[in-house]
Structures are given as structure tokens and as C-alpha cells.
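Data first, discussion second: the structure below is written as C-alpha cells.
The values are calculated or read from the model by the stated rules, or taken from the named source; none is laboratory data. On a predicted model such as this, the values are computed, not experimentally measured, just so you know. No Cβ is skipped: glycine too gets one built from the backbone with ideal geometry, and neighbour counts run over all protein chains shown.
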Amino acid sequence: MRPKLLGMTPVQLKEAALSVGLPAFTGGQLARWLYTRRARSFAEMTDISKAGREKLAAAFDLGVTLPSGCQVSRDGTKKYLFPVACSRAAGLDAYVESRPSELEESAVEAVMIPDEDRRTLCVSSQAGCRMGCTFCMTGRQGFHGHLSAADILSQLVAVDEAADLTNAVFMGMGEPLDNEENLLRAIEVMTAPWGFAWSPKRITVSTIGVLPALRRFLDGTRCHVAVSLHDPFPEERASLMPVQKAWAVADVVDLLRQYDFTGQRRVSFEYTMFAGVNDSVAHADALIRLLRGLECRVNLIRFHKIPDAPYETSPDLVMERFRDRVSRHGITCTIRASRGEDILAACGMLAGRHEQLKNKDENC
Ligand code: SF4
């Protein structure tokens, strides 16, 4: 497959230019077009000769994929659908090394959430997911492949709000730390002075706790982290999230205790409330014990029912009592507002219906 330029470092872009007989400084021009000006086509790169652009286009894929669909919620939330050809093999070069027959055509979603002066993009890192959480629509769809760094970055470049995005959260489809190398490359591009030059404080990576990769992520970046916790009791959590059998959440919390979250960097815990499953006083107390002494925040999330899942969301009153009990013990705990419910903005729901949406979507 042709290598994708989006996601390459300046050194790699220079090598790419040299490989097609263009001068080394074209690497710098490419970096500026890709990362500062967010070009979506070679044609826009007007300070590179037409012949040079043709040589580049013959040897490389720009890596920017435009969305194939979009829905707008009544509350302004926008959900984009992106076609992807992804590889089941992990690693930065997996896409390039794959034969076309080994790539799987799929679709992922990115959700833009406006909130006063913020524009946050919820980004996908994999097509489907292999973590198998029993309450998750994406998990139900199975695993189709890892996104390349270009496919991750493309979501940030190709949405209508690309120039106005203030934050990115890796909370879309997939487990980001299961696609570690492409995630870290995307974050490098997003935060490097030669890249998007974002502060790492603008980026949050959500994980269910892939422990070895989490350690490397914590050591290698200064981005915020959000851990999907959902149940403090090991056996119950394992029935919701099979990852618990490989990496216990208590070990994840122990790892987090080794890092400083009293300054700019933040850790939060996502806790989806399932009626009669994880919303009792005993659960709140176990959660308090688990997180005691760690500077963190807990976000309680309403569950959006998915087909054939035996779960219902907890009633508001139960959520409020749970929140108040956790808060009384010094842990900041909030009930997260639901956004984009009318366009199925909950995890994995758009891509799961992309065939229908292709026919029905309002274009935006
Ligand atoms: Fe994967 Fe996250 Fe869904 Fe679990 S909740 S199956 S990790 S996408």
C-alpha cells in the first residue's frame, strides 16, 4: 500500500520528498501543509511545483479521508462517519505492509461536541473493538482493525470544525491503548511544535486499563487519562469487562498512584450506571475505598440502552444519591450530561448503522 504522509514526522517527510527526487526542504513544506494549514489535497500545496506534487501523489497517499456522512443533533452535537481501510496487524507500519486483500473496509465515527467556547472532538482509534465489554455497541460489532495514525489524525483534520477544535478525547470506537503505536504517533503530531502544536492538556485518552501500554502512555505523554471503571468489585467488573481478568482495576489504580495528578494533568474515572447492577451503596463505598487518596474525578454516565443487552440505566434519584455519597468522601463526582442522544451519539452506534445512514443522512 502507498504510505500515508499524514502522521509522518518531519524527518520522515524529508525522506519521502528525497525518495521521489524532490529537495529536502520539500519535507518542511509538506509538514506545514499537513499540520499547520491542514491541507486536504495535494492540489492545495501551491508552493510545491505541479510536477513535484504529481510525483508525491504517485508514491504516497496524503492520508486525509473526508467523512462519508454526518448527522447534527438538536443540541448542536455533530456525528461524522469516516470510511477506513484498516489492518488487523498492530504497529505503525501495519497499513503499509498489508496487501490490499488483508485490509478490511469499515467505518468509524467522530463526534464533535460544542459546549460554550469549547469544541471537543471524540475520536476513534480502532474499527470495532476486541475488548468485549458486554454493555458496549462497539464491542458487539467485533474487531475490524486498527486505525493508522493517519486515520486517527484525519478525523481531526477533515471535520468542518477542524480549525476551531479546542479539545480531543479518545473515547470513540476502540480501545486506544490496544493501538498504542498509532495512538502515540497521533498524539506526537498533535502536540509537537512542528505538528498541531496543541498543549497535551487539550487531549484526554480513555482506557479500560491495558496496564503495560497505560504505563508507557503515562511515561511518554502528559495528556489526561480517563479510566473506564464501571464496577469496583472484581468479579462483577469481569462480567461487564473481560479486561478485568487480564489487568485488575486495583492494579490500574495502584499504577496511577505512582503519577502526579495534583497539577496540570488529570485522571478521571468513568462509571456507567446500570440499574441494580453497580449502583448500590455497597458499590459507592467500595469505589470510595478503591480511589481513596488519589486526586481524581468520577464521572457518572447514564446508560443508553442497546439491543439485546440486559441492562437499564439507573434512575436519576439513584444516580444523585450515588454521586452525593462519593462526593461526601472528598472525591469530585458528577453526573455527566448526555449529548447528541437524538443522533445516537453513544459509543459505536452510528458506525453500526452506517448502511442505513448512507441512505438517510442529512448532509452537513
Ligand atoms: Fe471496546 Fe471501549 Fe466498547 Fe469496551 S467500552 S468494548 S473497550 S469500545
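For the condition in a strand (DSSP E or B) and assigned by TED's automatic domain parsing to the domain that holds Ala213, what is the one hit in Ala127, Ala163?
When all the criteria are applied, what remains is Ala127.
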**Complete:** Those residues of segment 225-255 that are under 24 Å from Ile335 (Cα atoms) and either among the acidic types (Asp, Glu) or touching a residue at least 40 places away in the same chain (Cβ under 8 Å) (or both) come to a total of 17
**Asked** Is it fair to say Val169 is within 16 Å of the ligand (Cβ to nearest atom) and either out of contact with any Gly (no Cβ under 6 Å at 6 or more places or on another chain) or modelled with pLDDT of 95 or more (or both)?
**Response** yes
**Close pairs from segment 199-211: first over 19 Å from Ser124 (Cβ atoms), partner in a strand (DSSP E or B) and away from the ligand (no atom under 16 Å from the Cβ), Cβ under 9 Å, at least 6 apart** = Pro200/His224; Lys201/Asn167; Lys201/His224
**Request:** Just need a number here: residues in segment 220-266 that are within 19 Å of the chain's Cα centre (by Cα) and away from the ligand (no atom under 13 Å from the Cβ).
**Result:** 8
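Conditions tested, residue by residue: (1) in a helix (DSSP H, G or I); (2) modelled with pLDDT of 65 or more; (3) not polar (S, T, N, Q).
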site	(1), (2), (3)
Met319	yes, yes, yes
Phe322	yes, yes, yes
Val326	yes, yes, yes
Cys333	no, yes, yes
Cys347	no, no, yes
Leu350	yes, no, yes
Lys358	yes, no, yes
**Asked** Out of segment 128-155, which residues are more than 8 Å from the ligand (Cβ to nearest atom) and of a type in the set (Val, Ile, Thr)?
**Response** Thr134, Ile152
**Message:** Looking at segment 134-145, I want the residues that are surrounded by 20 or more Cβ atoms within 10 Å (Cβ to Cβ) and have a partner that is part of a helix (DSSP H, G or I) with Cβ atoms under 8 Å, at least 6 apart or on another chain. Which pairs are those?
**Reply:** Phe135/Leu240; Met137/Met349; Met137/Gly352; Thr138/Ala351; Thr138/Gly352
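Take the residues in segment 172-208 that are assigned to a strand (DSSP E or B) and of a type in the set (A, V, I, L, M, F, W, C), then tell me which one is farthest from the ligand (Cβ to nearest atom). Before the answer, list the steps.
First pass over segment 172-208, keeping only residues assigned to a strand (DSSP E or B): 203-207.
Narrowing the set further to residues that are of a type in the set (A, V, I, L, M, F, W, C) leaves 203, 205.
On the way: Ile203: 17, Val205: 12 Å.
It comes out as Ile203.
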**Asked** Any residue in segment 87-100 that is within 16 Å of the ligand (Cβ to nearest atom), buried (at least 17 other Cβ atoms within 10 Å of the Cβ) and in a strand (DSSP E or B)?
**Response** no
**Message:** So in segment 109-161, with the set limited to residues that are out of contact with any Lys or Arg (no Cβ under 9 Å at 6 or more places or on another chain) and aliphatic (A, V, I, L, M), which one is farthest from Arg185 (Cα to Cα)?
**Reply:** Met137
**Request:** Filter segment 130-144 down to the residues that are more than 14 Å from the chain's Cα centre (by Cα) and not in a loop (DSSP other than H, G, I, E, B), then identify the one that is nearest to Arg38 (Cα to Cα).
**Result:** His144
